[in-house]
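Heads up, the thing below is written out as structure tokens.
The values are calculated or read from the model by the stated rules, or taken from the named source; none is laboratory data. Since we're looking at a predicted model, the values are computed, not measured. Virtual Cβ from ideal backbone geometry, glycine too; neighbours counted across all protein chains shown. What goes into the accessible areas is simple: the full protein's heavy atoms, side chains included, and nothing from ligands, DNA or RNA. Shrake-Rupley method; radii C 1.70, N 1.55, O 1.52, S 1.80 Å.
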Amino acid sequence: MSQDEKAPQGPESIMQMLQGLQVSGILSAGIALDVFSQLAPAALSAENLATRIHCPPRSTRILLDSLAALGLVTKSGPLYGLAPVADQFLVQGKPTYIGGLTSIFSSTILWTGFQRFADAVKNDGTILPEHAETPRNAFWEEFAKGSAAMAGPAAQVLDTLVSGFITSRPKVRVLDIAAGSGIYGYTLVRHPNVELTSLDWPNVIAETKQWGARLGVDPARTRYIEGNLFDVEYGGPYDLVLLSHVYHHFDRATCLGLTQKVAKALAPGGRVAVQDMIVDDELSNAGAVLFAAVMLAWTRKGETYSERDYKQWLTDAGLVWGGAHLSAGMPSSWVFADKRR
Ligand SMILES: C[S@@+](CC[C@H](N)C(=O)[O-])C[C@H]1O[C@@H](n2cnc3c(N)ncnc32)[C@H](O)[C@@H]1O
């Protein structure tokens with residue numbers, strides 16, 4: 001799409017952008033009050049739903065009408081039902097449920113960060129006292145709990161991209177750095193020859209372990225390293241190191257230093273797999289471009305980087321560039337590099 005085609009038309013489109021917080025607030029309330037799960041078995045009147053969600057009838061009706069205006073709820077006479085998209089993605093208990101993403105996309109941190117986004121621009125970085133690099137930040141626990149809906153499909157993409165590498169070796173020692181939910185490593189440990197080590201802050205590793213138990217991962221095949229990824233010893237050597245959604249928190253010098261530390265922990269012939277939002281000079285990946293604003297709002301020096309940047313860091317660390325693979329339907333890509341034998 002050309003820049004002209006993307007350009008907002010008329011004042012309404014500008015007003016709609018300014019009202020973006022309303023949409024997030026209304027949808028988040030619908031999810032928090034579990035409106036969608038309540039409407040899943042059968043359409044209900046506002047009064048009936050109000051009793052079930054323990055809210056007054058008037059405010060429940062206003063919420064339902066707002067959700068209808070957003071196209072997530074249908075209205076037929078006095079009865080409110082679910083639009084197909086809400087039925088698929090916002091009903092608790094369904095495998096496709098993504099309502100847990102409210103704790104990430106409409107978290108207090110982001111509301112506060114974007115309320116003061118102009119200050120972050122002036123400051124060239126977050127003005128939040130508790131930010132992405134604050135040790136043991138409780139936000140990362142919420143992220144680990146709520147990010148499975150994003151990590152699950154992306155981990156399947158990773159599995160497809162590295163399964164040849166894994167099956168061609170008798171044993172593959174995997175290190176998942178800044179593991180969060182741990183789902184990337186847990187997906188690979190389904191290969192019987194994989195041994196997994198997951199690393200994150202201690203408060204996050206508690207959540208990582210819970211995901212392992214939920215997914216039925218054999219505890220004997222996983223090991224955990226708790227602490228700051230810049231300070232802890234990685235041990236190793238490892239055959240495959242995963243870094244998913246890590247680089248964007250840091251400035252270029254830190255990204256290079258991290259890559260060099262990872263390269264040292266790799267066994268000869270080992271591979272590093274990095275997943276991140278990748279931008280280009282044409283700004284063709286709008287999701288990745290806007291994500292840089294999220295990083296400006298809540299990190300000191302983070303942003304989104306180009307394929308050129310990743311290639312530079314990986315090759316400067318002595319690795320052999322293996323190319324980038326856009327994950328279909330997602331704003332993130334996987335990039336690979338190998339250590340020479
Ligand atoms: C955006 S999340 C990515 C989680 C997971 N890799 C994924 O892609 O879903 C970033 C993760 O990095 C971890 N993290 C950030 N800074 C860290 C540090 N200095 N040491 C250890 N973990 C860190 C956070 O706790 C969080 O789990």
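Could you check segment 32-101 for helices (runs of 4 or more DSSP H) lying wholly inside it with 1 or more residues that are of a type in the set (D, E, K, R)?
The qualifying helices (runs of 4 or more DSSP H) are 46-53, 57-69, 84-89.
Which one of these does GLY216 not meet: (1) at positive phi; (2) in a helix (DSSP H, G or I)?
Failing condition for GLY216: (2).
Within segment 266-281, does at least one residue satisfy the condition of being at pLDDT 95 or above and of a type in the set (S, T, N, Q)?
Yes - at least one qualifying residue is present in segment 266-281.
Are any of the residues in segment 296-317 at pLDDT below 95 and open to solvent by 50 Å² or more (accessible area, probe 1.4 Å)?
no
Just wondering, is there one or more residues in segment 188-199 that are in a helix (DSSP H, G or I) and farther than 21 Å from SER103 by Cβ?
So far as segment 188-199 goes, yes, one or more of its residues are in a helix (DSSP H, G or I) and farther than 21 Å from SER103 by Cβ.
Kindly indicate whether SER103 is crowded, with 17+ Cβ neighbours inside 10 Å, modelled with pLDDT under 95 and in contact with a Gly (Cβ under 6 Å, 6 or more places away or on another chain).
In short, yes.
Quick one: would you say VAL157 is in contact with a helix residue (DSSP H, G or I) (Cβ under 8 Å, 6 or more places away or on another chain) and surrounded by 16 or more Cβ atoms within 10 Å (Cβ to Cβ)?
Considered against the rule, which asks whether it is in contact with a helix residue (DSSP H, G or I) (Cβ under 8 Å, 6 or more places away or on another chain) and surrounded by 16 or more Cβ atoms within 10 Å (Cβ to Cβ), VAL157 comes out as no.
Only one of (1) loosely packed, with under 15 Cβ neighbours inside 10 Å; (2) under 21 Å from the mean Cα position of the chain (by Cα); (3) farther than 30 Å from ALA132 by Cα is not met by PRO95, so which one is it?
The single condition PRO95 does not satisfy is (3).
For (1) outside any helix (DSSP H, G or I); (2) open to solvent by 50 Å² or more (accessible area, probe 1.4 Å), each residue gets a yes or a no:
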residue	(1), (2)
ALA220	no, yes
ASN228	yes, no
GLU233	yes, yes
ASP239	yes, no
HIS248	no, no
GLN260	no, yes
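Would you tally the residues in segment 113-147 being open to solvent by less than 20 Å² (accessible area, probe 1.4 Å), within 16 Å of the ligand (Cβ to nearest atom) and in a helix (DSSP H, G or I)?
Within segment 113-147, residues that are open to solvent by less than 20 Å² (accessible area, probe 1.4 Å), within 16 Å of the ligand (Cβ to nearest atom) and in a helix (DSSP H, G or I) number 3.
HIS191: under 26 Å from MET295 (Cα atoms) and surrounded by 14 or more Cβ atoms within 10 Å (Cβ to Cβ), yes or no?
no
Can you find a residue that is within 13 Å of the ligand (Cβ to nearest atom), of a type in the set (A, V, I, L, M, F, W, C), touching a residue at least 24 places away in the same chain (Cβ under 8 Å) and closer than 19 Å to GLY322 by Cα anywhere in segment 157-170?
yes
Test each condition in (1) within 12 Å of the ligand (Cβ to nearest atom); (2) part of a loop (DSSP other than H, G, I, E, B) for THR254 and report the one that comes out false.
Condition (2) is where THR254 drops out.
Could you pull out the residue among LEU110, LEU90 that is buried (at least 20 other Cβ atoms within 10 Å of the Cβ) and under 20 Å from GLY25 (Cβ atoms)?
Testing whether each residue is buried (at least 20 other Cβ atoms within 10 Å of the Cβ) and under 20 Å from GLY25 (Cβ atoms) leaves just LEU90.
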